[in-house]
Amino acid sequence: MHTESPTLDRLRQRQSIKWRAYPPDVIPAWIADMDFEIAPCIRSALEAVIERGDLGYSRSYAEAGLDEVFCARALRQYAWAIKPDQVEFFSDVVQTIHLALLTLCEPGDGVIIQTPIYPPFLSAVEETGRRQVLCPLTQTSAGYRMDLEAMARAIDARTRILLLCHPHNPTGRAYTREEMEGLAELVLRHDLRVISDEIHADLMLDSRPHIPFASLSPEIAARTLTLTSPSKPFNVAGLCLAAAVFGSPALARAFNHLPAHVRGGRSALGIAAARAAWTEGDAWLAEMLTQLRANRDRVASFVSTHWPRVRHTPPEATYLAWLDFRGLGLNEEPQQHFLKHAKVALSEGPAFGEEGRGFVRLNFATAPGILDEILGRMDQSLRKDT
């Protein structure tokens, strides 16, 4: 594994949006791409496809056996027993969220969103003509918590969908079984369907395993569409492959009203990468998580030592730090401050909803030396500003 090997000079050769959105004197720590080298097993799988010249029209996912590979890993990784006929594949999770909103509810129906939230949750509901039912998480000294009583009050007769981010982006919360069981009871009581984005499931940073929401009970599974991808844990978002698990045939039938070609085509490289990640990538992932935990602790220590007025709860999952700079009294949103004065690009808090004003999201999935440079630049800019 090469968690420390990429230098800034090497990273600046990349053509991805992370490294092309800003001038070269800016260090990007915004979009959720990692800076680490890809897993050797994935590199070998991609090289084998290219060596064969095997980039023609791909077989179906089922013919390639990817559904069986996914189910075997779900059982091994999460003790989640699902069947291949429950699994379908798409280009990415955000695409599937849009398709699910178009098929599982009607225009004007309410969709519960727990802000602050991954920005495409907000835009997907708006773009599909559905209605945002905003149920903000509660910020406490121990991190963010769901307010189920407030959520129950917000639900009306046309609220149809809970759009769940689990683990949560940007706060890094990994909900406990008790919290999810409370949420499940509310879902059943109000007859909701659930679209559960679990793309960060493999990025647990504490000792707890990820618990798929659909695994709580057969009743919850029947109304849950679970979405995930190898893109975040294995850093292959550009290969465009995501998995969707339908908890019941009825849910799949409702979704499949859309013509099949709306989903787009299949990527031979995406299939090869996913197979390699899900069958051979566990050791690499474990080593990478060790580095992410160290980086998570590095950020937490720096914040507590240098920025005592900045609120930050170390994430339980993901590689994202959610930093509250409201106590510093900056004259502008912190993302703008750090871009101008530190030459560091972070994700701007307001994009995650009104609750994000005064916050930034920092991606710490990079080499420790680069992370130190990011934090040092930020700190120097704050000292100049005060």
Just need the relative contact order of segment 226-265 here, percent rounded to a whole number, with Cα pairs under 8 Å and 6+ apart. 32
Estimated [θ] at 222 nm from DSSP helical runs (n ≥ 4, -39500 (n - 2.57)) normalised by residues in the chain, nearest 500: -11500 deg cm²/dmol
So for the chain: antiparallel DSSP bridges make up what percent, rounded to the nearest 5? 50
Highest to lowest packing among 14-21, 173-180, scored as the average C-beta count within 10 Å: 173-180, 14-21
How much space per residue, in cubic angstrom, does the convex hull of the C-alpha atoms of segment 45-279 take up? 121
For a label point 7 Å from the Cα of R298 along Cα→C-beta, name the residues of segment 26-40 whose backbone N is under 11 Å from it. none
Excluding residues fewer than 8 places away in the same chain, name every one of the lysines whose C-alpha is closer than 24 Å to that of K343. K18, K384
Gain in length, V49 to D191, computed as 0.36 nm per residue apart minus the alpha-carbon separation, to one decimal in nm? 46.5 nm
Treat each spin label as a single point 7 Å out from the Cα along the C-beta direction, and report the V262 to D156 distance in nm. 2.6
Among 83-95, 233-245, the order from most to least packed when residues are scored by Cβ within 10 Å on average: 233-245, 83-95
Taking Cα pairs closer than 8 Å and at least 6 residues apart, the relative contact order of the chain in percent is 23
Length added when fully stretched, E373-H306, from 0.36 nm per residue minus Cα-Cα: 22.7 nm
Could you pull out every whole DSSP H run in the chain that spans at least 24 Å of Cα extent along its own axis and averages -1.0 or higher on the Kyte-Doolittle scale? 282-306, 368-385
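Read-outs: derived from the displayed coordinates by stated rules, not from any lab. Since the structure is predicted, the reported quantities are computational estimates derived from the model, not experimental observations. Quick reminder, even Gly has a Cβ in these numbers, built from the backbone with ideal geometry, and neighbours come from all protein chains shown.
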